[in-house]
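Here the structure is laid out as C-alpha cells; the discussion comes afterwards.
The values are calculated or read from the model by the stated rules, or taken from the named source; none is laboratory data. Just so it is clear, the model here is predicted, and its values are computed rather than measured. Here the Cβ is made from the backbone with ideal geometry for all residues, glycine too, and neighbour counts use every protein chain on show. Accessible surface areas use protein heavy atoms only, side chains included; no ligands, DNA or RNA. Shrake-Rupley method; radii C 1.70, N 1.55, O 1.52, S 1.80 Å.
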Amino acid sequence: MPNFQFEDQSFSPVAGFDEAGRGPWAGPVVAGAVILPRNAMPASLAAGLDDSKKIKKEKREELFANLRAIADIGIGIASPAEIDKFNILQATMLAMQRAVDGLTIAPKSALIDGNRAPNLPFAVKTIVKGDGQSLSIAAASIVAKVTRDRIMVDLSNKYPEYGWDRNAGYGTKEHHTALLKFGVTPEHRQTFTPIRNLLTISSN
C-alpha cells in the first residue's frame, strides 16, 4: 500500500483529480474527480487503492464498483477533436473542469495529480505522483482509467482493426500496422506526430 499522506481535511470536502489517456494516439482523454467519505471509508478499499497503472484490470474494475457505492464521482471527457484544437495539456485541464460538473457535492478544495492544475473555483494543490500519495487521487486514477478503457472497448467495436480493446489507443505495433493498412480514423489525434506524419504521407 502506498504511503498516503496528503489527505488534509481542513478544507473539506476534498476532491481528488487524475486523468487517463494523455499518451495514446486515439480516443479521448478522461478525467476523474472523487470525493471520498470522511468517516465511512472501508479499510479494505483504502488498502486496495493505488496508481491505476499498477493494478490489474480485474482489480481496477472491482475497485471502481466499490468506489461508486460510497464516493461522489465526477467524470469529464475531452474528445480527440478537442485535443487537436487545444493540445493535450489544455484538453486534460478541460476534462478535469468537466469532471467537477459531474460531482453532486461542491468541493472546497482539490488535490490534482501532477504539476499543472485547471482553473477551478476553489483551493487547489498539485502533487507529483499524487496517485501514490493521496487516497482521493488514487481513487480518481481508478475512475479515469476504467472509464477510458471502457470507452476504447466500445470504439473498438466500431473500428476493430486497430485493437483498441487491447492497446487502449496507445502506439503499439499492432496499432501502427493497422494505421498503415486502414488509415486514420476520426478517433485519432491528428496533431500527434505519428498520426500527423501518416496524414502528410497520404496527402502527398
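Data table
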| item | result |
| --- | --- |
| Residues located in the stretch 118-128, provided they are without any contact (Cβ under 8 Å) to a residue 60 or more places away in the chain and open to solvent by 40 Å² or more (accessible area, probe 1.4 Å) | 119, 121, 124, 126, 128 |
| Single condition residue 177 does not satisfy, out of (1) of a type outside the set (A, V, I, L, M); (2) in contact with a Ser or Thr (Cβ under 9 Å, 6 or more places away or on another chain); (3) under 28 Å from residue 56 (Cβ atoms) | (2) |
| Qualifying positions in the stretch 10-26 - open to solvent by less than 20 Å² (accessible area, probe 1.4 Å) and in a loop (DSSP other than H, G, I, E, B) | 21, 24 |
| Complete set of residues in the stretch 165-176 that are open to solvent by less than 40 Å² (accessible area, probe 1.4 Å) and over 16 Å from the mean Cα position of the chain (by Cα) | 175 |
| Pairs with Cβ under 6 Å, 6+ apart, first in the stretch 167-184 and under 16 Å from residue 148 (Cβ atoms), second among the hydroxyl-bearing types (Ser, Thr, Tyr) and open to solvent by less than 80 Å² (accessible area, probe 1.4 Å) | 175/162 |
| The one condition in (1) modelled with pLDDT of 95 or more; (2) touching a Lys or Arg at 6+ places or on another chain (Cβ under 8 Å); (3) open to solvent by 60 Å² or more (accessible area, probe 1.4 Å); (4) among the charged types (D, E, K, R) that residue 84 fails to fulfil | (3) |
| Residues located in the stretch 83-105, provided they are outside any helix (DSSP H, G or I) and closer than 23 Å to residue 191 by Cβ | 87 |
| Near pairs, Cβ below 8 angstrom, 6+ apart or cross-chain, from the stretch 93-104 (under 14 Å from residue 78 (Cβ atoms) and of a type in the set (Asp, Glu)) to any residue that is open to solvent by less than 70 Å² (accessible area, probe 1.4 Å) and outside any helix (DSSP H, G or I) | 101/74; 101/76 |
| Subset tally (residues that are part of a helix (DSSP H, G or I) and closer than 30 Å to residue 191 by Cβ) for the stretch 27-44 | 0 |
| Enumeration of residues in the stretch 177-193 that are over 22 Å from the mean Cα position of the chain (by Cα) and surrounded by 15 or more Cβ atoms within 10 Å (Cβ to Cβ) | 178, 179, 184 |
| Set 156, 136, 141: member being open to solvent by less than 20 Å² (accessible area, probe 1.4 Å), at pLDDT 95 or above and within 22 Å of residue 45 (Cα to Cα) | 141 |
| For residue 180: the one exception among (1) in contact with a Phe, Trp or Tyr (Cβ under 7 Å, 6 or more places away or on another chain); (2) at negative phi; (3) not charged (D, E, K, R) | (1) |
